[in-house]
Amino acid sequence: LPSPIPWSLAQPVTPDLLVSPSSQDGDLGSECPEDRGNWTGRLDFLLSCIGYCVGLGNVWRFPYRAYTNGGGAFLVPYFIMLAICGIPIFFMELSLGQFSSLGPLAVWKISPLFKGVGMGTILIVSLVAIYYNMIIAYVLFYLFASLTSDLPWQHCGNWWNTDLCLDHHVIKAGNNTLPVNISNTVSPSEEYWSRYVLHIQGSSGIGDPGRIRWNLCLCLLLSWTIVYLCILKGVKSSGKVVYFTATFPYLILVMLLIRGVTLEGAWKGIRFYLTPQFDHLLSSKVWIEAALQIFYSLGVGFGGLLTFASYNTFHQNIYRDTFIVTLGNAITSILAGFAIFSVLGYMSQELGVPVNQVAKAGPGLAFVVYPQAMTMLPLSPFWSFLFFFMLLTLGLDSQFAFMETIVTAVTDEFPYYLRPKKASFSAIICIALFLMGLILTTEGGMYWLVLLDDYSAGFGLMVVVITTCLVVTRVYGMKRFCRDIQMMLGFKPGPYFRACWMVLSPATMMALLVYNIVKYQPSEYGNYRFPTWAEVLGILMGVLSCLMIPMGMVVAVLQEEGTLWERVQQASRPAMDWGPSLEENRTGVYVASLAGSQSPKPLMVHMRKYGGITSYENTAIEVDREMEEEDEEESM
């Protein structure tokens, strides 16, 4: 027979009104906050994270960074930095989001004094979302331009071409007789990009944007419309779209890779990409570049991971997911390098120039070099369409994450007003960011895009990540944080994660930050140097996101009572309602802080109300016992 329950425990624990609708017995869905929405399928979360992390940077930044920093030898610092600051910070962000089921602003109930960190994150993400969608607009432009039998950047002789334009077919014919001097010439694809797509000759610099390019403006409108339709129902709709946008790029990447390595001269490019130059490893620059690549590629600090994890069920195995996503992201980058450099090797052979003369990074690779290489292949419009379709799917799911982060952060702050109107609120955000991005569609828009790219997510983002790391480990406490993870996953993080969170990750990030400030170089685009006022504007963008932190502190301190030191102490403690969002997940220390909880022994009540002891309740009993022992030690 079950032992009788003491009379005090037999009292009603929670008024019926306070019982969440999901606390009735049911299927797996009983773990999810109903009004907030959650993932509808098992793979939604994993694919969303892969889609978010695997973006344009994997294709256009990693291969170039690898070849300029020691080729194959670059993989050594790359994987070491992945282990030191990639995987641990990734896991920390997922844990914070899943444990609290809150967005990047509301999650700072963990320590309200530092809510400014969340505000800084939202500012950074908004700036990035503005220009990232412009890049998607360029991709759409090229995608439509590829729907033709003859690619428009294939030959000279169009109205946008100049006398400097030199067709590669002419070079190839010239190679048989006299060598052609190509040093002072421009490829048709370069003139198509700068003189037709951007029409940059209509602007004298960043202070003179010129007229709006209506074809680009319509592409930007289309890209915002696509993004809005995909995030219309929050993670319920974007979670389904990623089944396509996160997997399809791999299919195209494999096709481009197979096509690339079968081309004549492909080995030249691959050898150039992978030949290890171990002397580079003695240079600090190589290690910093590896850390930067990891940092931006995984998207830590942007709030996207935290947002996605906040829609998980409480016991989702994010430990496993962390390794799947981070290692998958690294392997994708390396694969993309083969696809890119095999084509560059073929191109260098066709043009009769060294590979390093055709290799570029960033938009130059995507919109000039690779399109030029496509014109040298049979069925060039087909390969061009595939390449740009891959870039489109790579870019879109990263953009979904940025938008979901902004919308979730604000709706979690004002759930009663905004959650029922989430679709309308998403529309307002999309329209506002589209209007702000209109300057990028002008003839001088590229200068503004470079400025945003260089400064919006620079040192501000690093300050955000360092602060988050220090607050969780020092202010909230490493013991508490590990205990929270044990409640979710049934085990505590090992010494590797604890060492990284306490020392290695923050120290690496600090080194990155110092390096970035010391090695600061003004922005430039080609031969154009930005004026001082533009530099100042860029620096202010970065500083503003950092200033959010002290501003948030002032607000938090003013809301408390007592002396200044007492206010700071109170504001740095977790809020009363910090913890798992659902009653059935609030075991141990968190039950006491639940609205309407009158329980002297919360865990016993929890067991009576929700049935027998599961492995997770077992964990909660251990946690309670540990806490009692700690309290006894402190009182002795």
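Viscosity 1.002 mPa s, temperature 20 °C: give me the Stokes-Einstein translational D for region 249-315 in µm²/s, with Rh taken as the Kirkwood radius over C-alpha pairs. Walk me through the numbers on the way to the answer.
Values: Rh = 16.0 Å.
Value of D from the Cα-based Kirkwood radius: 134 µm²/s.
Residues in region 113-121 carry Karplus couplings, in order, of 4, 9, 4, x, 4, x, 5, x, 4 Hz; the curve used is 6.51 cos²θ - 1.76 cosθ + 1.60 with θ = phi - 60°, and Gly or Pro positions show x. Residues whose amide H falls under 5 Å from that of residue 442, counting only those 5 or more places apart or on a different chain, are 213, with hydrogens built in the peptide plane. Which shape class, rounded, prolate or oblate, goes with region 179-328 when its Cα gyration tensor gives a ≥ b ≥ c as root eigenvalues, a/c under 1.5 marks rounded, and past that a/b bigger than b/c marks prolate? It is oblate, given that a/c is not under 1.5 and a/b is not larger than b/c.
Compute the convex hull volume of the Cα atoms of region 430-488, divide it by the residue count, and report the result per residue in Å³ as a whole number.
On the way: hull volume 7.0 nm³, N = 59.
Cα convex hull per residue, to the nearest whole number: 118 Å³.
For residue 186, the residues 5 or more places off, or on other chains, whose built amide H falls under 5 Å of its own are 165, 166. Helix 284-298 and the longest principal axis of the Cα set of the chain meet at an angle near 70°. Pairwise inverse Cα distances across region 360-407, averaged and inverted, put the Kirkwood hydrodynamic radius at 12.1 Å.
Computed extension length for residue 201-residue 507: 105.6 nm, one decimal, from 0.36 nm per residue of separation with the Cα-Cα distance subtracted.
If you build the Cα gyration tensor of the chain and take the root of 5 times each eigenvalue, what three semi-axes come out, in whole angstrom, biggest first? Intermediate results must be reported in sequence, preceding the final value.
Working: eigenvalues 498, 118, 113 Å².
Here the semi-axes work out to 50, 24, 24 Å.
What the chain shows is 42 Å² of accessible area per residue, with the surface traced by a 1.4 Å probe over protein heavy atoms. Look at the dipole of the chain built from charges on Cβ: of 217, 266, 396, the Cα furthest out on the positive end belongs to 266.
Take the cross-link list 233/422; 109/233; 268/360; 233/421; 109/236 and give me the ones stretching past 18 Å between alpha-carbons. Intermediate results must be reported in sequence, preceding the final value.
Working: 233/422 8 Å; 109/233 26 Å; 268/360 16 Å; 233/421 10 Å; 109/236 26 Å.
Result: 109/233; 109/236 exceed 18 Å.
Would you mind checking the tilt of helix 248-261 against the longest principal axis of the Cα atoms of the chain, expressed as 0 to 90 degrees and rounded to 10? Approximately 40 degrees, to the nearest 10.
The values are calculated or read from the model by the stated rules, or taken from the named source; none is laboratory data. The structure displayed is predicted, hence computed values, not measured ones. Because the Cβ atoms are built from the backbone with ideal geometry, glycine has one as well, and the counts that use them run over all protein chains shown. The protein model used for the area step is the full one, side chains on, heavy atoms only, and it has no ligands, DNA or RNA in it. Shrake-Rupley method; radii C 1.70, N 1.55, O 1.52, S 1.80 Å.
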